[in-house]
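Visitor: Structure incoming, see below.
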There are 2 protein chains.
Amino acid sequence: MALIVQKYGGTSVGSVERIQHVADRVSQSRRQGHDVVVVVSAMSGETDRLLGLARGIRSDADGRELDVLLSTGEQVTIALLSMALESKGCPARSYTGAQVHIRTDSAHNKARIQEIDGARVRRDLADGKVVVVAGFQGVDESGNITTLGRGGSDTTAVALAAALKADECQIFTDVDGVYTTDPRVVPQARRLERITFEEMLEMASLGSKVLQIRAVEFAGKYNVPLRVLSSFQEGGDGTLITFEEGSMEQALISGIAFNQNEAQLTVTGVPDQPGVAYRILGAVAQANIEVDMIVQNVGADGTTDFTFTVHRNDFDKAMGIVSARAEELGAREVSGDPKIVKISIVGVGMRSHAGIASKMFEALAAEGINIRMISTSEIKISVVVDEKYLELGVRALHDAFELERAPAA
Amino acid sequence: MALIVQKYGGTSVGSVERIQHVADRVSQSRRQGHDVVVVVSAMSGETDRLLGLARGIRSDADGRELDVLLSTGEQVTIALLSMALESKGCPARSYTGAQVHIRTDSAHNKARIQEIDGARVRRDLADGKVVVVAGFQGVDESGNITTLGRGGSDTTAVALAAALKADECQIFTDVDGVYTTDPRVVPQARRLERITFEEMLEMASLGSKVLQIRAVEFAGKYNVPLRVLSSFQEGGDGTLITFEEGSMEQALISGIAFNQNEAQLTVTGVPDQPGVAYRILGAVAQANIEVDMIVQNVGADGTTDFTFTVHRNDFDKAMGIVSARAEELGAREVSGDPKIVKISIVGVGMRSHAGIASKMFEALAAEGINIRMISTSEIKISVVVDEKYLELGVRALHDAFELERAPAA
């Protein structure tokens, strides 16, 4: 018997029928002898309906009252799910974020959880009840309703699991786990049984949007075992996101992530002196353009080349800013390409293995794919290539690292 | 400068446009220098939408979780109205029932208010804010959300007004006040400037459904001056419901109420002995049939006649029960008529004036209207007549008591 926190997103509770289905799954876990806490989102479409009402009142609706409005979405779901559980003979009790004391700061619309008082939940669990908690919302020191921002229900689930010292936090979603890469690109892509938090963070930020990054960070920080499961498919084990690196699969790398929305800007012949990077990127940042990769090579002849990538939508704007700035700096040339992609291999295994990078570059070279930029971190190697090579590159790497085969235990 | 509690019902806040309109009215009161607390219902249709979802889960939805669900309706309205006020430059702050400590008992779906802590509201008012409170809902001792049952928003407004010692509680509705009688029957019917709580209670229970009876009782008990106003019509003063009998209009009677849904049952020749009334009406009550008027005459020859009225829908069922019981009791005959109406004149003035009853009977006799039953209380005289005489009777009485003319001050 374990204590499990389960989280169901908006699509999973998107209709009365789906809520009944979730109630079946929860009852099943309960019958298996587990203590279950369920965190739910608003029914899909409901948050947008409420935002529509708010925008009918004022186009710039935000702050305290928007939170009062939006938090009703999850409140509807907790009531309906509790009713469904009770009608299936499974005693249940619903709580809003405020009722279960999910204390946050006062940053309305994007609050951060500060502390959770699990006493009330523990009492209900001890009474044999399933506890149903509204995700995405909390309450500040003064009793004002706050929301955590979109996707915050994942964070609620993880934070509750941490506060209750749950054995596992299960995130039910519309995919049945984390894959070695996008199965739409590589049909042989394999579901991972386990992945580490660090790998998951790299995968998530690189475009495998299975979980909210904040939730993963939170889970890592508080050592909460996270499991991603399908709410529509029965029986799968999903993917366990764990901090137990020791018991990891012995693979060199775990997965291949990619990002199709990058654009590249290069300033060549910049005088190689302190403050140059700041003077180029400072102006870009001030325009609220997010910069992803940054690469600068060792200079020669007193000048250097400086390259960075931005979201494709920001390309023209960034080019304008950088061109003006380059002239001031006396740079030789500014060039750019909005049609590039980033491909990354991710894996804690590469920490202790040499030769991973060269194996990656070899695989790409064998397919005639030219690498434009390279950037590395401890558990990730990213390359930027021409966008036409995306599928070819991902498949070549998936093959080269034999990701379709489950590693030996 | 006064402290005013204003209550707007579901129709008054039924759309984004109407909420903007309410915000205009509230801002106007604020600009006149008043401190304003606003109580709102769910947008019209919203409670039924939520009930529909609940019934999709289980047909017998009730209890704790139904309250969690339904209370979101008002929460949406308080957020939208506060946003609308803020966007018009009128600082506002919304509160759910729980946030403003509307403490109730734990009778879910029909809770009763026990106490309100007005401290938070007073602080916001002192800060120059309009306070917007969700009607119809509260919180029990353990922090569970409760609802007061349909129409409970009136009660919330009155209870808040009492707790805050407000100068007036204004109920905005779709009529512009309380009339001497139904204007659809008597076009000359006149809006009353004032009416006493007792009269209002008699008018309300007799079919003038302007306000919830519980709210009027509450207002009377705590001496809260209540005013009924139209939320759609500008400029009217509505009707003030007051406890200040001394400053009343000097009218003999204030209004004429009627009830078209009555049916009459008579048992004749019942042995005149103790327990007879109970043995007839006990069986009717056990069948959950509500009895309205009851009249029994002084007996003669050891027998008596016993007449009572029920709702027309219950007539057949009541006839069956009473016929069976009459046989057991050895009564002579049971007769009934489902086509009768009750007409009542109401007024605190009749307390101190003789001859009101005879004036009423005279006016009806002059039109050839036969009176079947008579029942009186201290401030009300009711008669039952054949339903075809409804309009004629009401008009004759309206004329006889000169209700179309405002009384001398």
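Visitor: If you build a Gaussian network model of chain A, linking Cα atoms that sit under 10 Å apart, which residue out of A:D67, A:D127, A:D105 swings the most?
Guide: A:D127
Visitor: Whole angstrom only: what separates the Cα centroid of the stretch A:376-409 from the Cα centroid of the stretch B:63-108?
Guide: Rounded to whole Å, the Cα centres lie 53 Å apart.
Visitor: Normalised by the residues of the stretch B:225-329, what does the relative contact order come to in percent, with Cα pairs under 8 Å and at least six apart?
Guide: Reported as a whole number, the value is 27 percent.
Visitor: While we're on this one: If contacts are Cα pairs under 8 angstrom and at least 6 residues apart, what is the relative contact order of the stretch A:123-206 in percent?
Guide: Values: 56 pairs, mean separation 12.0, N = 84.
Worked out over the stretch A:123-206, it gives 14 percent.
Visitor: Amide H neighbours of B:V133 under 5 Å, at least 5 residues apart or on other chains, H built in the peptide plane: list them.
Guide: Amide H to amide H, under 5 Å and 5 or more residues apart or across chains, B:V133 pairs with B:V38, B:V39, B:V40, B:Y95.
Visitor: Within 10 Å of each Cβ in peptide B:10-23, how many partner chain Cβ atoms are there on average? Round it to a whole number, please.
Guide: Mean number of neighbouring Cβ atoms from other chains: 1.
Visitor: Using alpha carbons only, how many degrees (0 to 90, rounded to 10) separate the axis of helix A:152-164 from the longest principal axis of chain A?
Guide: 60
Visitor: Please list, short to long, the whole-number percent of alpha-carbon pairs of chain A in consecutive 20 angstrom bins beginning at zero.
Guide: All Cα pairs considered, the percentages come to 25, 48, 25, 2.
Visitor: Could you tell me whether the stretch B:79-180 comes out rounded, prolate or oblate from its Cα gyration tensor? Rule is a ≥ b ≥ c as square roots of the eigenvalues, rounded for a/c under 1.5, then prolate if a/b exceeds b/c, otherwise oblate.
Guide: In terms of gyration-tensor shape, oblate.
Visitor: Using a Förster distance of 25 angstrom, determine the FRET efficiency expected from the C-beta separation of B:A107 and B:Y222, and round it to 0.05.
Guide: E(calc), rounded to 0.05, equals 0.75.
Visitor: Counting DSSP beta bridges with both partners in the protein assembly as shown, what percentage is antiparallel, nearest 5?
Guide: 60
Visitor: Only Cα pairs under 8 Å and at least 6 apart count here; give the relative contact order of the stretch B:336-393 as a rounded whole percent.
Guide: On the way: 70 pairs, mean separation 28.2, N = 58.
With pairs under 8 Å counted, the relative contact order is 49 percent.
Visitor: Calculated FRET efficiency, A:S358 and A:S323, Cβ-Cβ r, R0 25 Å, to nearest 0.05?
Guide: 0.10
Visitor: Same structure again: Return the FRET efficiency for the residue pair A:S87, A:E404: r is the Cβ-Cβ distance, R0 is 45 Å, and the value is rounded to the nearest 0.05.
Guide: Between A:S87 and A:E404 the formula returns 0.50.
Visitor: For chain B, take the longest principal axis of its alpha carbons; what is the angle in degrees between that and the long axis of helix B:16-31, to the nearest 10 within 0 to 90?
Guide: 80
Visitor: Extending each Cα 7 Å along its Cβ direction at A:K388 and A:I374, get the distance between those two points in nm, one decimal.
Guide: Those two pseudo-labels are separated by 2.4 nm.
Visitor: While we're on this one: If the convex hull of the alpha-carbon atoms of the protein assembly as shown is projected onto planes in all directions, what is the mean projected area in square nanometres?
Guide: Its Cα hull, projected and averaged over all orientations, spans 45.5 nm².
Visitor: Counting only DSSP beta bridges with both residues in the stretch B:153-246, tell me the antiparallel percent, nearest 5.
Guide: The antiparallel fraction comes to roughly 35 percent.
Visitor: Would you mind computing, in nm to one decimal, how far apart the modelled labels at B:A283 and B:E141 are, each placed 7 Å from Cα along Cα→Cβ?
Guide: About 4.3 nm separates the two model spin labels.
Visitor: Continuing with this model, one more query. Rounded if a/c is under 1.5, else prolate if a/b is larger than b/c, else oblate: which is the stretch B:26-108, with a ≥ b ≥ c the root eigenvalues of its Cα gyration tensor?
Guide: Prolate, because a/c is 1.5 or more and a/b exceeds b/c.
Visitor: In nm, what does the list of distances from A:V291 to its counterparts in the other copies look like, shortest first, when each label sits 7 Å along Cα to Cβ?
Guide: 8.9
Visitor: Taking amide H positions as placed in the peptide plane 1.01 Å from N, state which residues far from B:Q114 in sequence (5 or more) or on other chains have amide H under 5 Å from it.
Guide: Long-range HN contacts for B:Q114: B:R103, B:T104, B:D105.
Visitor: Along Cα-to-Cβ, 7 Å out, sits the label point; list in nm, shortest first, how far the one on A:I213 is from those in the other copies.
Guide: 6.2
Visitor: Average partner chain C-beta neighbours within 10 Å, per residue of A:56-64?
Guide: The mean count of partner-chain Cβ atoms within 10 Å per residue comes to 5.
Visitor: Now for a different question. Which value at 222 nm does the protein assembly as shown reach when only helices count, each DSSP H run of 4 or more adding -39,500 (n - 2.57), with the total divided by all residues and rounded to the nearest 500 deg cm²/dmol?
Guide: That comes out to -11000 deg cm²/dmol.
Visitor: Scan around B:T146 for amide H atoms under 5 Å from its own, H built in the peptide plane at 1.01 Å from N, and keep only partners 5 or more places away or cross-chain.
Guide: HN-HN under 5 Å from B:T146: B:G138, B:V139, B:D140.
Visitor: Separate question: Give the chain A residue with the shortest beta-carbon distance to the rotation axis relating chain A to chain B, plus that distance as a whole number of Å.
Guide: With distances in whole Å, chain A gives A:T72, 2.
Visitor: With the cut-off at 1.5 for a/c, could you classify the stretch A:1-139 from its C-alpha gyration tensor as rounded, prolate or oblate?
Guide: oblate
Visitor: Relative to the longest principal Cα axis of chain B, at what angle does helix B:276-286 sit, 0 to 90 degrees, rounded to 10?
Guide: 40
Visitor: Right, another one. About the Cα centre of the stretch A:3-248, what is the dipole size in debye to 20, counting +1 per Lys and Arg Cβ and -1 per Asp and Glu Cβ, all else neutral? Before the final figure, lay out the partial values.
Guide: Values: 28 positive and 33 negative charges, 80 e Å.
I would put it at about 380 debye.
Visitor: Continuing with the same structure: For the stretch B:250-285 and the stretch B:1-59, what is the centre-to-centre distance using only Cα atoms, to the nearest Å?
Guide: Between the Cα centre of the stretch B:250-285 and that of the stretch B:1-59, the gap is 40 Å.
Visitor: Now for a different question. What are the nm distances, shortest first, from A:D62 to its equivalents in the other copies, labels at 7 Å along Cα→Cβ?
Guide: 4.7
Visitor: In chain B, what % of DSSP beta bridges are antiparallel (nearest 5)?
Guide: 60
Taken together, the values in this text are just the output of simple stated rules run on the coordinates, not laboratory data. Because the structure is a prediction, the values reported are computed rather than measured. Cβ coordinates were reconstructed from backbone atoms using ideal geometry, including for glycine residues, and neighbour counts include every protein chain displayed.
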